[in-house]
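Let me begin by presenting the structure, written as structure tokens, before commenting on it.
The values are calculated or read from the model by the stated rules, or taken from the named source; none is laboratory data. Bear in mind that the values here come from a model prediction, so they are computed numbers and not experimental data. Every residue, glycine among them, receives a Cβ derived from its backbone with ideal geometry; neighbour counts consider all protein chains shown.
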């Protein structure tokens, strides 16, 4: 039995694949805090599955070795700066952490066909793991999405439906299709995606031997941001760390509903127009988990920041000169690191989320 709770009304329920959100409209999440006990870690298991003993999976998982990505110092830039190379994944983005736990959960529930809407990385990840698991995937993709990402999805057998217009139109098209049936394997609404994303926090804690002072991540739908929050929250609840790291999310100024809400002191973001940005992975005008993201940023003493297009390009170039080739979205954390420094900081971690090969046209 897979128990979930609503992030809004806090109703406890048994998850069913056709009920992808609470009747109040809120997103499901795993019961909190997530369990964590270092004695349950299985070092011989590949990637994130070292933490499998903390999860309710009953079957051997479908996996491609995702997770346990390098955490390297960026001493040439600043001795306090570290980079978590989450673009070093089977499909070239951090999405694999959440896709694999989300899809394995659905597989245990007997699901054999899945649908999602994506601007690229989530769709590529779902296509890969669905192919690995022998499931059929249908993906609703913005027509303007990166050709390389769309080619990646098609190569792995996914059915692509390209939708003209803003990113939100792809979601609208999928929701309309769901009216006639189908399973929404959403990388945003599937609560078991968060199990995999929480491992980023646990890996950082293990690799450093301590919690960092701050973590900076790109912010679109904000699932990695929430996964980090849940992971560090679990460590604190279990007594392994004294305080939560400050969490900073970074949005492109052209599409920044969360940053605007944070600055205005709002509890939830208002939808905004999806402006043009080279960081297509964060071009999300109405993030469904916005309320929870704002709460997490404030609770940890972090913030939600914005960057201009020229700053994104400069950050991508600077990382490349350190041998780290990331897509524009993946460079957002580098663009703001100097803004979040405090005199007492010893370790700041940048989440580098997507390979630069994905942005080649």
State yes or no: is residue 302 buried (at least 18 other Cβ atoms within 10 Å of the Cβ), modelled with pLDDT of 95 or more, over 26 Å from residue 118 (Cα atoms) and touching a strand residue (DSSP E or B) at 6+ places or on another chain (Cβ under 6 Å)? yes
Single match in 249, 222 (criterion: at positive phi, touching a residue at least 40 places away in the same chain (Cβ under 8 Å) and touching a strand residue (DSSP E or B) at 6+ places or on another chain (Cβ under 9 Å)): 222
In this structure, does residue 145 turn out to be buried (at least 19 other Cβ atoms within 10 Å of the Cβ), assigned to a loop (DSSP other than H, G, I, E, B) and either at pLDDT 95 or above or outside the structural domain of residue 336 (by TED's automatic domain parsing) (or both)? yes
Check on residue 182, surrounded by 14 or more Cβ atoms within 10 Å (Cβ to Cβ) and either more than 17 Å from residue 95 (Cβ to Cβ) or at pLDDT below 95 (or both): yes
Could you tell me how many of the residues in segment 157-184 are touching a residue at least 60 places away in the same chain (Cβ under 8 Å), assigned to a loop (DSSP other than H, G, I, E, B) and more than 21 Å from the chain's Cα centre (by Cα)? 1
Tell me which residues, restricted to segment 340-355, are touching a residue at least 60 places away in the same chain (Cβ under 8 Å) and in a loop (DSSP other than H, G, I, E, B). 341, 342, 344, 345, 346, 347, 353
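Confirm whether residue 257 is surrounded by 20 or more Cβ atoms within 10 Å (Cβ to Cβ), within 15 Å of the chain's Cα centre (by Cα) and closer than 21 Å to residue 335 by Cα.
Here the answer is no, as residue 257 does not meet what is asked.
Residue-wise test of (1) over 16 Å from residue 64 (Cα atoms); (2) in contact (Cβ under 8 Å) with a residue 60 or more places away in the chain.
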| position | (1), (2) |
| --- | --- |
| 113 | yes, yes |
| 117 | yes, yes |
| 134 | no, no |
| 141 | yes, no |
| 151 | yes, no |
| 154 | yes, no |
Being surrounded by fewer than 24 Cβ atoms within 10 Å (Cβ to Cβ) and under 12 Å from residue 184 (Cβ atoms) is the filter here; which residues of segment 107-142 pass it? 111, 113, 115, 138, 140
Take residue 106 and tell me if it is in a helix (DSSP H, G or I), assigned by TED's automatic domain parsing to the domain that holds residue 159, touching a residue at least 60 places away in the same chain (Cβ under 8 Å) and touching a helix residue (DSSP H, G or I) at 6+ places or on another chain (Cβ under 8 Å). no
Considering only residues that are part of a helix (DSSP H, G or I), out of contact with any strand residue (DSSP E or B) (no Cβ under 8 Å at 6 or more places or on another chain) and without any contact (Cβ under 8 Å) to a residue 24 or more places away in the chain, which ones fall in segment 307-334? 310, 314, 317
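So that you can scan it fast, the table gives a plain yes or no per residue for (1) in contact with a helix residue (DSSP H, G or I) (Cβ under 8 Å, 6 or more places away or on another chain); (2) at pLDDT below 95; (3) outside the structural domain of residue 343 (by TED's automatic domain parsing); (4) closer than 30 Å to residue 320 by Cβ:
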residue: 55; (1), (2), (3), (4): yes, no, yes, no
residue: 62; (1), (2), (3), (4): yes, no, yes, no
residue: 80; (1), (2), (3), (4): no, no, no, yes
residue: 113; (1), (2), (3), (4): no, no, yes, no
Would you kindly identify the strands (runs of 3 or more DSSP E) lying entirely within segment 1-99 that contain at least 1 residues that are free of Cβ contacts under 8 Å to residues at least 60 places away in the same chain and exposed (fewer than 14 other Cβ atoms within 10 Å of the Cβ)? 3-6, 12-14, 71-73
Could you tell me which of the residues 335, 320, 268 is in the same structural domain as residue 81 (by TED's automatic domain parsing) and under 15 Å from residue 220 (Cα atoms)? 268
Checking residue 337 against (1) touching a helix residue (DSSP H, G or I) at 6+ places or on another chain (Cβ under 8 Å); (2) in a helix (DSSP H, G or I), only one condition comes out false. Which one? (1)
Within segment 297-310, is there a residue that is on the phi < 0 side of the Ramachandran plot and under 16 Å from the mean Cα position of the chain (by Cα)? yes
Odd one out for residue 209 among (1) buried (at least 23 other Cβ atoms within 10 Å of the Cβ); (2) at positive phi: (1)
